[in-house]
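A quick write-up on the structure given underneath.
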2 protein chains.
Amino acid sequence: MPSRGSNRLSGQSNDQGEGTPVAAAPKRRRVGKVEIATDLRNQIVRGDLGEGDQLPTEAALIDRYGTSRNTVREGLAILVGEGLVVAKRPHGYFVRDGHRMEYRPQSDLTVRPDDVPKDVFLTELADAGRTPTQTIDVAIVRPPADVAARLGLSDDEHAVVRRRVRFLEGAPYMTNDSYFPLTLAQGTAIMSPEDIARGANRVLADAGHVQVRAVDEFTIRMPTPDEQHRLALGPGTPVARQFTTGYDRHGKALRVAITILPGDRHTIVIDRPGLPDPEAEPS
Amino acid sequence: MPSRGSNRLSGQSNDQGEGTPVAAAPKRRRVGKVEIATDLRNQIVRGDLGEGDQLPTEAALIDRYGTSRNTVREGLAILVGEGLVVAKRPHGYFVRDGHRMEYRPQSDLTVRPDDVPKDVFLTELADAGRTPTQTIDVAIVRPPADVAARLGLSDDEHAVVRRRVRFLEGAPYMTNDSYFPLTLAQGTAIMSPEDIARGANRVLADAGHVQVRAVDEFTIRMPTPDEQHRLALGPGTPVARQFTTGYDRHGKALRVAITILPGDRHTIVIDRPGLPDPEAEPS
DNA sequence: CAGTGGTCTAGACCACACC
DNA sequence: GTGTGGTCTAGACCACTGG
């Protein structure tokens, strides 16, 4: 394949791509996994292979590149690791779908007026013709250390956790584990493994604990085996772990939520109206 | 109430691991890549192997598990793909470092008073004893389709892009490519590949284009080969691609910035003070 | 039953950093 | 040199799904 093209407009970080040394002289490079991956990747980004299209089978690639099966598989593994391609067991390799839904964290966390007990997930999506569902289970636990620290709980204090898995069209969409200090949640609707139409924050607010501020911490990483399982994640699918801490007006933490968002299903949108100016650009 | 709450069938946490069926009977499972990965992963999460520690060499693992070298390598590849482990070429496999720096988009995005042209990246970090540096290059380009769409540019219109790579202690930290409509940036300091102490937004504001709102879109995915190269990313390192669009008071897009944040180096922190206090004023 | 990818073995040669 | 991981070959058997 001569189409080593790349050639970016105007001097830029070109040259990448190869993955292996530059090789100033076009020395008859043996075809290896990198070449196979690069070749197939180019076909995908160029659009020769569109989303959902099937790649050639391993056997066909062995044929085309004249390498051993392992080398072909390693080349494919590169693309799988990049999240570009997925192997569907006895059918073949396919180009992955790039479609993502919008996820707006603030919608979930803003306390709403009593007369608008809207559940963004369940109602808005249903309105849009989707079929959202969710499972909820509730437990009293010793919270993980990072949760305990943010809730200001000591080692022997307990928390209530509401674990939710949300699905769209039957496919896992995100998980959300919300922790509340047991002292706050005790005896409220939070303890019940049912949907809380008005929202858990409303429940707390009615009890005098009004959340007025929230801090989100997003960590980007590969999923744990646990998360891969709960969310049915394919290989090469990273997640965002959103750690939300809600505070009342005195700075006391009322709630910590851990949301796991599969990278292949979401775009996280944060609208910042009124904020004069993005990027004061340093430098 | 067991702190372990999950009665759920598989799906749940718990020492998954097998990767294969339940195996009600402790049938002498052959040791495969999954078992090797699980075993080593457990040692890491339990702390038997701490950050920076070296794992046994491949040869030692072949010995320990009695499998072929390829199987051992596949087991290790699982951990590498999870971002838990990194192979340092002729030295061995090591447990990766979990430290992440805070990244606060809003700090970068708020317009500051003219007399405080503080560069968050260059000054704050320097104050903290770190040594931040950056490279800048400027080009006039046809913006990518998604950028052009947000800037409201037609196919034949051009944009100015300021491409920055920021380093900390010499290691790449993030990239930031900011696009401006050529008509706005023409003849301003934005065209110069120098640091703009007061910030590009200030430059635009001084020209009458005041940015009053910004929208961030975060996409979580595996890096392209290009990004792997620019940011010196190890395998198993996902990135967040932050797409920031800044608008003036008329809703006209002034700027689009694409920031690539390596997942292993950042925690993205978003502080949301002043959430509506329902007691105070609904809606 | 045929064809796909998934797993594993056994062996070989290479590049590279360190002693 | 020695030992590390990186790459590649050649062949084998398995599990699953669809025709």
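What the table below lists for this structure:
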{"quantity": "HN-Hα J in Hz across region B:222-229 - Karplus 6.51, -1.76, 1.60, θ = phi - 60°, x for Gly and Pro", "calculated": "7, x, 6, x, 4, 5, 4, 6"}
{"quantity": "Number of partner chain Cβ atoms within 10 Å, mean per residue of B:160-173", "calculated": "1"}
{"quantity": "Averaged over A:236-242, number of beta-carbon atoms from partner chains that fall within 10 Å", "calculated": "5"}
{"quantity": "Exposure ranking of A:GLU194, B:GLU217 by accessible area [1.4 Å probe, largest first]", "calculated": "A:GLU194, B:GLU217"}
{"quantity": "Label point 7 Å beyond Cα along the C-beta direction, distances from B:HIS99 to other copies (nm, shortest first)", "calculated": "4.4"}
{"quantity": "Nm distances between copies for A:ALA232, ranked from closest, using label points 7 Å along Cα→Cβ", "calculated": "4.1"}
{"quantity": "Region B:101-268: antiparallel DSSP beta bridges as a percent of all, rounded to 5", "calculated": "95 percent"}
{"quantity": "Average beta carbon contacts from partner chains per residue of B:264-273, 10 Å cutoff", "calculated": "6"}
{"quantity": "Where only C-alpha atoms are counted, convex hull volume of region A:33-95 per residue in Å³", "calculated": "73 Å³"}
{"quantity": "Nearest-10 value in Å² for the accessible area of B:ASP137, using the 1.4 Å probe", "calculated": "60 Å²"}
{"quantity": "Residue-count net charge about A:LEU49 - beta-carbon cut-off 12 Å; Lys, Arg +1, Asp, Glu -1", "calculated": "-1"}
{"quantity": "Placed amide H near B:GLY199: partners under 5 Å, 5+ positions off or other chain", "calculated": "none"}
{"quantity": "Other-chain or far-sequence residues with amide H under 5 Å of A:GLN134's (modelled H)", "calculated": "A:PHE167"}
{"quantity": "Cα-based Rg and Dmax for region B:101-268, where Dmax is the largest Cα-Cα distance (Å)", "calculated": "15.6, 46"}
{"quantity": "Projected label distance in nm at A:ARG46 and A:GLU124, using a 7 Å step from Cα toward the beta-carbon", "calculated": "4.0 nm"}
{"quantity": "Using alpha carbons only: equivalent-ellipsoid semi-axes of region A:141-197, gyration tensor based, whole Å", "calculated": "24, 15, 7"}
{"quantity": "Charge sum, other residues only, whose C-beta stays under 9 Å from A:GLY263's C-beta, Lys/Arg counted +1 and Asp/Glu -1", "calculated": "+2"}
{"quantity": "Accessible-area value, A:ASP127, 1.4 Å probe, nucleic acids and ligands omitted, Å²", "calculated": "130 Å²"}
{"quantity": "Built amide H within the under 5 Å cut-off of B:VAL269, gap 5+", "calculated": "A:PHE218, B:TYR103, B:ARG104"}
{"quantity": "B:ARG30/A:ASP63 FRET efficiency (R0 41 Å; Cβ-Cβ; nearest 0.05)", "calculated": "0.80"}
{"quantity": "Paired Rg and Dmax values of region A:179-233, which use every Cα atom, in angstrom", "calculated": "15.3, 40"}
{"quantity": "Accessible area, probe 1.4 Å, largest first, for residues B:ARG142, B:ARG255", "calculated": "B:ARG142, B:ARG255"}
{"quantity": "Calculated label separations, A:VAL45, copies of the chain, 7 Å along the beta-carbon direction, nm", "calculated": "3.5"}
{"quantity": "With all protein chains modelled, accessible area of B:MET191 [1.4 Å, Å²]", "calculated": "50 Å²"}
{"quantity": "Environment charge of B:ALA253, counting only residues whose C-beta is closer than 11 Å and scoring Lys/Arg +1, Asp/Glu -1", "calculated": "+3"}
{"quantity": "Backbone HN-Hα couplings from phi across region B:253-260 [Karplus 6.51/-1.76/1.60, Hz, Gly and Pro as x]", "calculated": "6, 9, 6, 10, 10, 10, 10, 10"}
{"quantity": "Estimated vicinal HN-Hα couplings, Hz - region A:171-178 in sequence order (Karplus 6.51, -1.76, 1.60; Gly, Pro = x)", "calculated": "9, x, 10, 5, 10, 9, 10, 9"}
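The values are calculated or read from the model by the stated rules, or taken from the named source; none is laboratory data. In this text, all values refer to a predicted model and were calculated from it rather than measured experimentally. Note that each Cβ is placed from the backbone with ideal geometry, even for glycine, and that neighbours are counted across all protein chains shown. Surface accessibility is based on the protein's heavy atoms, side chains included, excluding ligands, DNA and RNA. Shrake-Rupley method; radii C 1.70, N 1.55, O 1.52, S 1.80 Å.
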